[in-house]
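Take a look at the structure below.
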Amino acid sequence: MAVCQKTAAIYGLIKDTLGQPVQGVEIGIVGNSEQQPVYSDSLGKFSFTVPAGKEIQVGFFREGYRSSFLPVKLKEGENIEYNPSLHLASGVMLDTARILAMKHNSEGLLEINTNVVTSLPTPSGDFLSILTTAPGVATRSELGSDYSVRGGGYDENLVYVNGIEVYRPYLIQSGQQEGLSFINPDMVSSAFFSAGGFEAKYGDKMSSVLDVTYKKPTAFAASVSGSLLGGTEHIEAVSKNHRFTFIEGFRYKTNQYLLNTLNVQGAYKPQFYDGQIYMTYAITDRLELDILGNFSANIYQFIPQSQTTSFGTVSQALQLQVYFQGEEIDEYLAATGAASLNYKAGEKVNLRLIYSQYYDQETEDYDIDGDYLISQLNTNAGSSFGKPALGIGVGAYLNHARDQLNAQVYSLQQQGTWDYSGGDKFLWGATAQHEIVASQISQWNFNDSSGYSLPFSPYIIELQNVVKAFDTLQSNRLMAYVENIDKWHGLGNSYFIVTEGIRANYWDVNNQTAISPRGSLAYRPNWKSDVLFRLSSGLYYQPPSYLELIDIYGDMHTNIKDQESIHYVLGADYNFKAWGRPFKLITEAFYKQLVNVIPYEIVDELVNYYPGQTAHGYAAGIDSKIGGEFVPGLESWASVSILDARYTINNAYYTINYNGYGEPISPAIADQTIAYSQQFPVKTMPMPMDQRVTFSMFFQDYLPMLPNLKVNLNLVFGTAVPFGPPYNLYGDTLRTPPYERVDIGASYLIVGRRGQKNNHGIAKYFKRMWIGIEVFNLLQANNVISYEWIEDVSGNKYAVPNYLTAREANIKLTFEF
């Protein structure tokens, strides 16, 4: 509980020049990062506690409006009313810099600049793309939205939109199949991200949490954009009495233009659609109803024709040529609906009741026949350099799948917040969830080399990687948490913030009740420098999802325990000024003790779990990010991470067969007769996302003589990750090449420039109009997403790389109304 501090209060109603209430205005003390800001509600009302006996300047900020300031010096216990009128800002291109001091990261959450998401030059155009520039986050592909945090798997990350957990498709196997993620950038108001050590109010995953809040509009606005990769539209509006608001968005995406740069040539026909709506209605001044709806359809059709891939080394340059027959058709349909009642029980108590429902239907059908030739390339100088010189392998393969999955999730939540003393809070919540998942999986591969089926048998034709599974799982989960936040003020500007909480989770499939205590301590010393230190730790359980229960043979394991890890995070924030502009340096050192995890392997975006086995290990490293106004009025940042993630599979052994001469049997050994065998324990091995070093940078700039022309640069680099033959948990002994990518974009404001009159021609219909050009993979890096393993009749295996997209340009046009 906070020690006694002399306080006063300012309250009032914020309106615009037309007399309409303005929601979402940020109210804070200028130059004071200790005091957390508050925001005006949907009726424009606010109440802000300030220190008494001090001369302070209170700032009122909202994007699109001119900032307002109130200098005051109040007596202890004094309450004054202040009703500012905010003026609309003139149309400018540059992002408005915040007038308030940079907020400290006392909760361990990194605030994401949502204003730049639509400006980020990325092929996916997805909101989650901005996470690849955050510290501790790694990605292996620009096509999908999957990401790894501090060495964790793709399924270890929580994503919330307005307090509702968002789910990802189950059957996605490659980035080109994946369409649009749930989050619509045009509808986002705020987003916060934690790479570990997060609070008890967030759910049961082991790696990270992304908490997104959608807008509550305060005025009419709309936008339409189109490019070679698709288009978007959104409309937001508010009723005259400001009790009803709505915002809707529709997105269409097709990455056919990009997929044509892949080394597998063919007819790509991807079509991805998404529609969302978010509505709020203030029934009374204390009771509000919120409704969120989403429907998405991701349809992927592919008819492959040919593939030519060169690989190997300078001394042994090889080439794979494949000619295909067949087709792949995938459909992923999903719908989410949620309704919440928000009740303000008093000045200090807020209650929320949320019901949500998620529906998912997925199908994957393909029969792909490939006839291949492996050739040795001519490395001698001359006209035939780089051309096939000698065929060293010929064969064929047939990949077959008929997969279906249906999932339904029903959830009922109750949440509450009690602001019982100044900045002290008590939070609680409880959730009951019912899940139904049913799947039919039928997959197999047939391989042939030089007329012999593999594995060779003189009697039968054997198929490989056969999966025949028909599974249904109905289950119930119960979750609850309590959390307390205390703040103590010390001498001068110093303070402590202590957060302690506990979370419980029960799943009736494995009948395990997991108790997760979590806590953090934030301390700001009374220094001249604006520094905050933070220490957090907690126990994090992850009850198995449906995917984690299914092994590579399609068998379901329901008797496994929750995955378990312990987080230790020590960090510091440093706010400073350089060149007279604000900057922030964030650094965190972390250690994750992996007490019990399910081992897995990653092929492209497909995660193969081995639920019949368990592992223990660790992930340790350091993350750092520096951000600020390197260019006046524009925020840029750079992040770097160092990671070491390893685990040991429990009770795991590998076998080596020897012939009569004591030689280990391999394809190069003449005598293949097994005389005896030996087993050896599997040693500690790198985890699938053990990416030792990652670096990312997002940089914005403009020409001083041409301020309406803005340039955005996005750079991502990641060192090699382990890989090996698929369906071999202990075989990831090799490393991929580094992942390196530079995307650049330039946009020009045609309509809406400062001082420009838009009252003639077509321009009078728009508030702003932009035209932009983007160049993806500027440096033409040959990034590898996975490997195709080709085997000849002698048992020699060749790892043929599957490359990601090449350099390509995109044109984009945006209209704002």
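The values are calculated or read from the model by the stated rules, or taken from the named source; none is laboratory data. Every value quoted in this text rests on a predicted model; they were computed, and no experiment measured them. Glycine also receives a Cβ, built like all others from the backbone with ideal geometry; neighbour counts cover every protein chain displayed. Areas reflect the complete protein model, heavy atoms only, side chains present, ligands, DNA and RNA absent. Shrake-Rupley method; radii C 1.70, N 1.55, O 1.52, S 1.80 Å.
Numbers below:
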{"item": "Label-point separation in nm, residue 361 to residue 734, each point 7 Å along Cα→Cβ", "result": "4.1 nm"}
{"item": "Set of the range 459-489 residues, backbone N closer than 18 Å to the point 7 Å along the Cα-Cβ line of residue 553", "result": "462-472"}
{"item": "Above-threshold pairs, the threshold being 26 Å between Cα atoms, out of 253/468; 75/487; 45/240; 6/201; 6/216", "result": "253/468; 6/201; 6/216"}
{"item": "Local electrostatic count at residue 323 - Lys and Arg +1, Asp and Glu -1, tallied over other residues with Cβ under 11 Å", "result": "-2"}
{"item": "Aspartates and glutamates with Cα under 13 Å of residue 348, excluding same-chain neighbours fewer than 8 positions away", "result": "419, 424"}
{"item": "Computed E for residue 808/residue 695 - FRET, C-beta separation, R0 25 angstrom, nearest 0.05", "result": "0.60"}
{"item": "Candidate lysines - alpha carbon under 17 Å from residue 528, same-chain residues fewer than 8 apart omitted", "result": "103, 577, 584"}
{"item": "The chain - charge dipole about Cα centre, Lys and Arg +1 at Cβ, Asp and Glu -1, debye rounded to 20", "result": "3460 debye"}
{"item": "Three-way shape label, the range 551-655, alpha-carbon gyration tensor, a/c 1.5", "result": "prolate"}
{"item": "Normalised contact order of the chain, rounded percent, pairs of Cα under 8 Å and 6 or more residues apart", "result": "10 percent"}
{"item": "Charge dipole (debye, nearest 20) of the range 475-590; +1 at Cβ of Lys and Arg, -1 at Cβ of Asp and Glu", "result": "820 debye"}
{"item": "Accessible-area ranking of 770, 579, largest first, probe 1.4 Å", "result": "579, 770"}
{"item": "Segment residue 570-residue 260, extension gain: residue separation times 0.36 nm, minus the distance between their alpha carbons", "result": "107.0 nm"}
{"item": "Local electrostatic count, residue 267, Cβ distance below 12 Å [Lys/Arg +1, Asp/Glu -1]", "result": "-1"}
{"item": "Size of electric dipole in the range 310-458: Cβ of Lys, Arg +1 and of Asp, Glu -1, about Cα centre, debye, nearest 20", "result": "660 debye"}
{"item": "Prolate/oblate/rounded label for the chain (Cα gyration tensor, a/c 1.5)", "result": "prolate"}
{"item": "Under the Karplus curve 6.51 cos²θ - 1.76 cosθ + 1.60, θ = phi - 60°, whole-Hz ³J(HN,Hα) for the range 143-158, x wherever Gly or Pro sits", "result": "7, x, 10, 6, 8, 10, 10, 6, x, x, x, 5, 8, 9, 10, 8"}
{"item": "With DNA, RNA and ligands ignored, accessible area of residue 45 (1.4 Å probe; Å², nearest 10)", "result": "100 Å²"}
{"item": "Shape call, the range 448-542: gyration tensor on alpha carbons, a/c limit 1.5", "result": "oblate"}
{"item": "Theoretical FRET efficiency, 1/(1+(r/R0)^6), r = Cβ-Cβ of residue 642 and residue 241, R0 35 Å, to 0.05", "result": "0.05"}
{"item": "Extension gain from residue 526 to residue 72, taking 0.36 nm per residue of separation minus the Cα-Cα distance", "result": "161.1 nm"}
{"item": "14 Å beta-carbon shell around residue 469, net charge (K/R +1, D/E -1)", "result": "-3"}
{"item": "Probe 1.4 Å, accessible area per residue of the chain, Å²", "result": "43 Å²"}
{"item": "Whole-angstrom gap from the range 665-732 to the range 315-385, using each part's C-alpha centre", "result": "19 Å"}
{"item": "With all protein chains modelled, accessible area of residue 246 [1.4 Å, Å²]", "result": "60 Å²"}
{"item": "Portion, in percent, of the accessible area of the chain that falls on carbon or sulfur, probe 1.4 Å", "result": "57 percent"}
